[in-house]
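Taking it in order: structure first as structure tokens, then the write-up.
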Amino acid sequence: MSAPAAPAWFEAAIAKVPTHHDIEVDGVRIHYRAWGEKGDLPGVVLLHGGAAHSGWWDHIAPQLAGKRRVMAVDLSGHGDSEWKPEYDRSQWAREVVAAVRAEGLDPAVFVGHSMGGWVSVFAGVVEPSAVREIVAIDSPFTEVPPEEEPIAARRPPTKVYASLDDAIARFRTVPPQDGNLDYVSHHIAVESLRRVEGGWTWKFDPGIFGQRGWVRNLLPRLEAPLTLIRCERGMVEDPMVERISELHRHGVNIVTLPKAGHHAMCDQPEALVATLRPLLDAIT
């Protein structure tokens, strides 16, 4: 299956290939990608949602780099990081902080999508000195992350597809949404797969789901400033916005992303970049 035709901005972003790095955290290999010059630049760390990986940011991160060092981490059980017998969000937070410190970027701005926003809040409470500010993209802080329930209920085995084309054709976002750009979905799908005996399978470990532990209990302990990018067609509705604002003692900066579904990097990537840039400019 050839890649769908893509606009010039996407091709230019993807052409800025990240460097790939591995560190060890508590005996587990953690992988991350990085863009921008290494040096005295402020740091931004991008965190994916559940069952996703750092490659979901390949077309976003290069547009935020330049005057920043931008990194995207594969949490354990995701992407090109190793799997573990058990997972918890506090450990994921420590993995991200370890990667940030390996790059010498702490304190960094944490930008988390969905479950990645949860992990950012855990990091802000567990390792506050490493977190400068948090920008959460459609993270339902007072509910279960939207990726969690449908996959946790099924606990599907890791399915093997005979060909790469077969696997790519099965790629879906969770929750599903209309309007995903085919060239973005194709790139993410390819980066989501690994070769195994008999064909191709997804990189994530089905055991990542089914955790408990509510971020809403942590928000009152969070000292870092918090911005919530609310996707217009996403998961965060008015009552949740109000509750999140009440829980964070310093108040929450709310920004709405028009026309975007929960996975804004898939259906409204240019608008997402246009929203993130001024937010990051004001911080870094």
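Each reported figure results from applying straightforward, stated rules to the coordinates on display, with no laboratory input. Keep in mind the model is a prediction, meaning the values are calculated, not measured. Neighbour counts are summed over all protein chains in view; Cβ atoms, including those assigned to glycine, are modelled from backbone coordinates with ideal geometry.
Loop-located trypsin sites (Lys or Arg not before Pro) in the range 31-134 (DSSP state other than H, G, I, E, B) with a sparse environment of at most 12 neighbouring Cβ atoms within 10 Å: LYS38, LYS67.
Scattering from the chain was approximated by placing one identical point on each alpha carbon and applying the Debye formula without solvent; log10 I(q)/I(0) at 0.09, 0.17 1/Å stands at -0.38, -1.55. Relative to the current alpha-carbon distance between TRP83 and ALA169, full extension at 0.36 nm per residue lengthens the span by 28.5 nm. With the highest mean first, a sort of the peptides 183-190, 50-57, 270-277 on other beta-carbon atoms found within 10 angstrom per residue produces 50-57, 183-190, 270-277.
What does the helix-only formula give at 222 nm for the chain: each DSSP H stretch with n ≥ 4 adding -39500 (n - 2.57), the total divided by the residues, and the result rounded to the nearest 500 deg cm²/dmol? So the calculated ellipticity at 222 nm is -8500 deg cm²/dmol. Once C-alpha pairs closer than 8 Å and six or more residues apart are averaged by separation and normalised to the residue number of the range 8-283, the relative contact order reads 18 percent. Label positions at ARG29 and ALA8, each projected 7 Å from the Cα along the C-beta direction, are separated by 4.0 nm.
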